[in-house]
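Structure first, then comments.
The values are calculated or read from the model by the stated rules, or taken from the named source; none is laboratory data. No experiment lies behind these values; they were computed from the predicted model shown. Note that we place each Cβ from the backbone using ideal geometry, even for glycine, and neighbour counts take in every protein chain shown. These area figures cover heavy atoms from the full protein model, side chains too; ligands, DNA and RNA do not enter into them. Shrake-Rupley method; radii C 1.70, N 1.55, O 1.52, S 1.80 Å.
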Amino acid sequence: MSAPDLYPASDAFRQNARVGSREAYDEMYRRSVEDNEGFWAEQADRLDWIEPFDTVKDVSFDADDLHIRWYVGGKLNACYNALDRHVEEGRGDRVAFYFEPDDPKKEERRQITYAEALAETQRMASVLKDLGVQKGDRVTIYMPMIPEAVYAMQACARIGAIFSVIFGGFSPEAIAGRIRDAASDFVITADQGRRGGKTIALKANVDAALKRLGEDSEVRHVLVVRNTGGNVTWDDRDVWYHEATRSASGACPCEPMDAEDPLFILYTSGSTGTPKGVVHTTAGYCVYTSLTHEITFDWREDDVFWCSADVGWITGHSYIAFGPMINGATQVLFEGVPTFPDAGRVWDVVEQYGVTLFYTAPTLIRALMAQGDDFVTRHDRSSLRVLGTVGEPINPEAWRWYHEVVGEGRCPIVDTWWQTETGGHMLTPLPGAIDQKPGAATVPFFGIQPQVLDAEGKVLEGEAEGLLVIADSWPGQARTVYENHERFKNTYFTAYPGTYFTGDGCRRDADGYYWITGRVDDVINVSGHRMGTAEVESALVLHDAVAEAAVVGVPHPIKGQTIYAYVTLAADATPNEDLRAELRQHVRKVIGPIATPEFLQFAIAGLPKTRSGKIMRRILRKVATGEHDSIGDTSTLADPEVVDKLITGRR
Ligand code: ATP
Ligand code: MG
């Protein structure tokens, strides 16, 4: 049986879609590029402004004069746009969040309206002001996935403080590094978090981080939200949130911010090296995230949107805390983990709230796929309209499972390629307009001009494979790396002058669709044949015995490089020599002899992943080449112990 390669949306979907045909997309895209400033000036009407801007775009990608400014001269407030205006315009009763706790048997489900979210945010903003937080101060937020995490982000935006959210699973060491880098003056945390029935010692981790920083710490106060009521140790600088609210005012005005005032700092996942403190500013980020949320997901007022990312990642910033809220969307906010109490939890939540738009990562899709279909099919998923994915290339096999089993063949899949640095979606199918191909991020979003370059920087036309760069700016683009503009310049604007260098490799096919092939650093070159990691991994995942795969290149005296593959197996497969031979043969058959993995290791304990679920191939490369002493920064690994186990099992 051969599966189709092209998946168009149904006629019914197209007829009602915001962008309902390829022609409509082409027309809008052409306009967005040919009259770029006109297009983005119009989109600014999505926001409420305190003062209008006078210049739409003031950008130079030239390394000697690098600057990126949008909506120059305008004044606005991001929190006002995400909360106040909905209430002022009579939408205060709309549900902002259905809060789904880690364990609904023990904790309460909550339904929060926009009016309530605004009141809570104002209260938190008042408390921050009473503690001395001022415009421009950096506030570190280290919170579980509870509504207060969103209030904290919005409260900072309201008073003009620059927030830096750290994922609640990070260690004291990682927290300390980020507090130091951002020179944070304040921390907002909770006593504890909950994940999968376990408690996470958030306050204790902050204490340990500050102890580690010692004299280096500029932190004046730690504001602590009482969440579980668990024990915490206390210091003079600590303030209970529920106590501080007693004397705080219930109202707190919005600070008028310049369009280009920083909104937040966010550290990248650390897949390729030390995380970068990416800085996003106010107006452009708000325009871009709200537009992409609306168009990419074909969002409507009556949709129930669920982005399963943590607010500690850019996905949680752009597609929980800002884009959807600016649009006045109703969302699910999920505190727990997708496999607790069992692997059906995600679909249980979908059924519970009638989720219509669901957005997640390939790592989760692969993990749930390995558990079998029953967990999915026992729940009603008829509410689902659009499914989304982000974070890594999605293997076609996983894509088809997502499409057929989860979405019952009915829901378009939007494979959104973007980065912390891009602020929002860059390449993505629009669900009613672009026929999808499993594994392809397809076409550019409005105003985005991707180019494929060869290693010398020559622009390749038509069908091509090479480096992905973006030729011109867009409003959601990061403006700098915090206090390190040199690193910003060197990382993104130096190697290929005049463009934004993404660090990713891609292929553009005959239909003009873009396929992300992996990180440029991860490209494998066997006897002069360049291969993306994604292609070989997808071939391995195609085999029934394989749950997940990661491949790297290792030096070879004759071929230049040869392929070393790591695989994790499906629940019912046994790792043995026969299977090893079979898998190698399988890749040979699917792609060709050139792609046959010379080494294949069963990664029994799992693959090294970032906390956001991405495979860290730089570590796998070091293990494969035996460079165990120079593994590099592992602070963002979800489970550092897998590295030792991989070293033991090296081929
Ligand atoms: P660091 O920059 O610190 O190494 P990172 O690149 O993993 O970490 P993120 O900004 O979280 O940090 O991830 C962006 C990267 O994720 C992209 O550059 C790309 O490699 C990958 N990615 C995201 N979405 C997709 C997608 N839909 N398809 C393929 N790859 C994707
Ligand atoms: Mg990156």
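Across the range 557-594, what is the number of residues that are closer than 24 Å to Val643 by Cα, assigned to a helix (DSSP H, G or I) and open to solvent by 70 Å² or more (accessible area, probe 1.4 Å)?
Residues in the range 557-594 being closer than 24 Å to Val643 by Cα, assigned to a helix (DSSP H, G or I) and open to solvent by 70 Å² or more (accessible area, probe 1.4 Å): 2 in total.
So, in the range 595-651, how many residues would count as being in a loop (DSSP other than H, G, I, E, B), more than 23 Å from Leu583 (Cβ to Cβ) and touching a strand residue (DSSP E or B) at 6+ places or on another chain (Cβ under 9 Å)?
Final tally of qualifying residues: 4.
Could you tell me which residue of the range 228-276 is farthest from ligand 1 (Cβ to nearest atom), considering only residues that are under 30 Å from Ser630 (Cβ atoms) and of a type in the set (A, V, I, L, M, F, W, C)? Before the answer, list the steps.
Going through the range 228-276, the residues under 30 Å from Ser630 (Cβ atoms) turn out to be 265-276.
Among the residues that remain, those that are also of a type in the set (A, V, I, L, M, F, W, C) are: 265-266.
Details: Ile265: 14, Leu266: 9 Å.
Among residues in the range 228-276 that are under 30 Å from Ser630 (Cβ atoms) and of a type in the set (A, V, I, L, M, F, W, C), the one farthest from ligand 1 (Cβ to nearest atom) is Ile265.
Being part of a helix (DSSP H, G or I), more than 19 Å from Ala309 (Cα to Cα) and open to solvent by 20 Å² or more (accessible area, probe 1.4 Å) is the filter here, so list the residues in the range 245-294 that pass it.
Thr245, Arg246, Ser247
Please list, ordered by residue number, the strands (runs of 3 or more DSSP E) wholly in the range 410-508 having 2 or more residues that are within 29 Å of His529 (Cβ to Cβ) and not small (Gly, Ala, Ser). Walk me through how you get there before you give the answer.
Working: elements: 413-415, 450-453, 464-470, 500-508.
Output list reads 450-453, 464-470, 500-508.
Evaluate the range 459-476: report whether one residue or more is buried (at least 22 other Cβ atoms within 10 Å of the Cβ), of a type in the set (S, T, N, Q), within 24 Å of Val443 (Cβ to Cβ) and within 16 Å of ligand 2 (Cβ to nearest atom).
First, the residues of the range 459-476 that are buried (at least 22 other Cβ atoms within 10 Å of the Cβ): 466-469, 473-476.
Narrowing further to those that are of a type in the set (S, T, N, Q): 473.
Remaining after also requiring within 24 Å of Val443 (Cβ to Cβ): 473.
Add one more test, that the residue is within 16 Å of ligand 2 (Cβ to nearest atom), and what stays is none.
So far as the range 459-476 goes, no, none of its residues is buried (at least 22 other Cβ atoms within 10 Å of the Cβ), of a type in the set (S, T, N, Q), within 24 Å of Val443 (Cβ to Cβ) and within 16 Å of ligand 2 (Cβ to nearest atom).
Please state which one of Arg123, Arg158 is assigned to a helix (DSSP H, G or I) and open to solvent by less than 10 Å² (accessible area, probe 1.4 Å). Talk me through it step by step, then tell me what you get.
Values: Arg123 fails: open to solvent by less than 10 Å² (accessible area, probe 1.4 Å).
Of Arg123, Arg158, the one residue that is assigned to a helix (DSSP H, G or I) and open to solvent by less than 10 Å² (accessible area, probe 1.4 Å) is Arg158.
Scan the range 416-431 and tell me whether some residue there is away from ligand 2 (no atom under 16 Å from the Cβ), open to solvent by 10 Å² or more (accessible area, probe 1.4 Å) and either within 25 Å of Ser290 (Cβ to Cβ) or in contact (Cβ under 8 Å) with a residue 60 or more places away in the chain (or both).
Step one: filter the range 416-431 for residues away from ligand 2 (no atom under 16 Å from the Cβ), giving 428-431.
This time we only want the ones that are open to solvent by 10 Å² or more (accessible area, probe 1.4 Å), so: none.
No: the range 416-431 contains no residue that is away from ligand 2 (no atom under 16 Å from the Cβ), open to solvent by 10 Å² or more (accessible area, probe 1.4 Å) and either within 25 Å of Ser290 (Cβ to Cβ) or in contact (Cβ under 8 Å) with a residue 60 or more places away in the chain (or both).
Which one of Asp26, Asp54 is modelled with pLDDT of 95 or more and closer than 17 Å to Asp258 by Cα?
Checking each option against the conditions leaves just Asp54.
Could you please find all residues in the range 480-503 being within 23 Å of the chain's Cα centre (by Cα) and either buried (at least 21 other Cβ atoms within 10 Å of the Cβ) or aromatic (Phe, Trp, Tyr) (or both)?
Correct list: Thr480, Val481, Tyr482, Phe488, Tyr492, Phe493, Thr499, Tyr500, Phe501, Thr502.
Output the qualifying pairs, or none if there are none: Cβ atoms under 7 angstrom, residues six or more apart or on different chains, first residue in the range 26-44 and at negative phi, second residue open to solvent by 70 Å² or more (accessible area, probe 1.4 Å) and assigned to a helix (DSSP H, G or I).
What qualifies is Phe39/Arg31.
Is it true that Pro575 is at pLDDT 90 or above and more than 22 Å from Glu392 (Cα to Cα)?
So Pro575 fits the description; yes.
Scanning for something closer than 27 Å to Gly169 by Cα and either away from ligand 2 (no atom under 16 Å from the Cβ) or surrounded by fewer than 21 Cβ atoms within 10 Å (Cβ to Cβ) (or both), does the range 377-384 turn up at least one residue? Walk me through how you get there before you give the answer.
Filtering the range 377-384 for residues closer than 27 Å to Gly169 by Cα gives none.
Taking every residue of the range 377-384 in turn, none turns out to be closer than 27 Å to Gly169 by Cα and either away from ligand 2 (no atom under 16 Å from the Cβ) or surrounded by fewer than 21 Cβ atoms within 10 Å (Cβ to Cβ) (or both).
Considering Met153, Met143, Met124, which residue is of a type in the set (A, V, I, L, M, F, W, C), farther than 26 Å from Asp216 by Cβ and either modelled with pLDDT of 95 or more or out of contact with any Phe, Trp or Tyr (no Cβ under 7 Å at 6 or more places or on another chain) (or both)? Show your work before the answer.
Numbers: Met153 fails: farther than 26 Å from Asp216 by Cβ; Met143 fails: farther than 26 Å from Asp216 by Cβ.
After ruling out the rest, the residue left standing is Met124.
Does any residue of the range 237-244 turn out to be in a helix (DSSP H, G or I), open to solvent by 40 Å² or more (accessible area, probe 1.4 Å) and in contact (Cβ under 8 Å) with a residue 60 or more places away in the chain? Don't jump to the end; show me each part of the working.
From the range 237-244, those in a helix (DSSP H, G or I) are 241-244; that's our starting set.
Keeping just the survivors that are open to solvent by 40 Å² or more (accessible area, probe 1.4 Å) gives 242-243.
Among the residues that remain, those that are also in contact (Cβ under 8 Å) with a residue 60 or more places away in the chain are: none.
Within the range 237-244, not a single residue is in a helix (DSSP H, G or I), open to solvent by 40 Å² or more (accessible area, probe 1.4 Å) and in contact (Cβ under 8 Å) with a residue 60 or more places away in the chain.
Every residue, every condition in (1) farther than 30 Å from Ala283 by Cα; (2) more than 13 Å from ligand 1 (Cβ to nearest atom); (3) among the polar types (S, T, N, Q), yes or no:
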position: Asp380; (1), (2), (3): yes, yes, no
position: Arg400; (1), (2), (3): yes, yes, no
position: Pro412; (1), (2), (3): yes, yes, no
position: Lys437; (1), (2), (3): yes, no, no
position: Ile448; (1), (2), (3): no, yes, no
position: Glu456; (1), (2), (3): yes, yes, no
position: Pro475; (1), (2), (3): no, yes, no
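Which of the residues that make up the range 226-236 are more than 29 Å from the chain's Cα centre (by Cα) and surrounded by 20 or more Cβ atoms within 10 Å (Cβ to Cβ)? Steps first, answer last, please.
So the first thing to find is which residues in the range 226-236 are more than 29 Å from the chain's Cα centre (by Cα), and the list is 229-236.
If the condition is that a residue be more than 29 Å from the chain's Cα centre (by Cα) and surrounded by 20 or more Cβ atoms within 10 Å (Cβ to Cβ), then Val232 is the only one that fits.
Please count how many residues of the range 179-225 are among the β-branched types (Val, Ile, Thr), surrounded by 20 or more Cβ atoms within 10 Å (Cβ to Cβ) and in a strand (DSSP E or B).
Of the residues in that region, 6 qualify.
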